[in-house]
Amino acid sequence: MKETDSHPDAAKLSALLREARVSPALPSRFQQNVWRRIEDAEAPAKPASWLDALAALILQPRLALTASAVLLVAGIFLGIRQGEQAARQEAQAHYLAAVAPNSLR
């Protein structure tokens with residue numbers, strides 16, 4: 001419910017206050033700048049480095065499974081290769097110990 005004005009000059013005062021409201025003038029090219037900011041915000045962000053671009057590419061859902069499979073296979077391959085090298089070095093050490101046990105110590 002709306003209260004009735006108890007003061008007879010309330011209508012005049014309200015009209016005077018409405019007229020006194022100052023609306024500031026907008027800066028020049030205001031709308032253009034607003035639309036430019038909107039377009040900039042919607043534009044995809046450019047990665048800072050090639051590593052960020054690669055990470056963004058790999059982390060896309062359609063490539064995540066492929067990337068993880070490639071990394072898994074590469075890890076298995078490198079592990080096998082490292083194991084072969086360690087086994088070869090150990091075999092060489094055993095051979096040298098068997099052939100010349102005292103001369104190399």
Worksheet item: Placing +1 at every Lys and Arg Cβ and -1 at every Asp and Glu Cβ, with all other atoms neutral, what dipole size does the chain have around its Cα centre, in debye to the nearest 20?
Response: 280 debye
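I'd like to know how the range 29-99 sits against the 2.2 N^0.38 Å rule of thumb: what's its Cα Rg over that expected value?
Numbers: Rg = 25.8 Å, N = 71, 2.2 N^0.38 = 11.1 Å.
Here the Cα radius of gyration is 2.32 times the empirical estimate.
Give the order of Glu42, Glu84 when sorted by the count of other beta carbons within 10 angstrom, beginning with the fewest.
Fewest-to-most Cβ neighbours within 10 Å comes out as Glu42, Glu84.
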Worksheet item: From the phi of every residue in the range 71-83, what ³J(HN,Hα) in whole Hz does the Karplus formula 6.51 cos²θ - 1.76 cosθ + 1.60 yield, where θ is phi - 60° and glycine or proline is x?
Response: 5, 5, 5, 5, x, 5, 4, 5, x, 5, 5, 4, x
Discussion item. As a test of the formula, what do you get for the chain when each DSSP H run with n ≥ 4 contributes -39,500 (n - 2.57) and the sum is divided by the residue count, at 222 nm and rounded to the nearest 500 deg cm²/dmol?
Written reply: -23000 deg cm²/dmol
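No value in this document is a laboratory result; all are computed from the given coordinates. Being a predicted model, the structure only gives us computed values, none of them experimental. Glycine also receives a Cβ, built like all others from the backbone with ideal geometry; neighbour counts cover every protein chain displayed.
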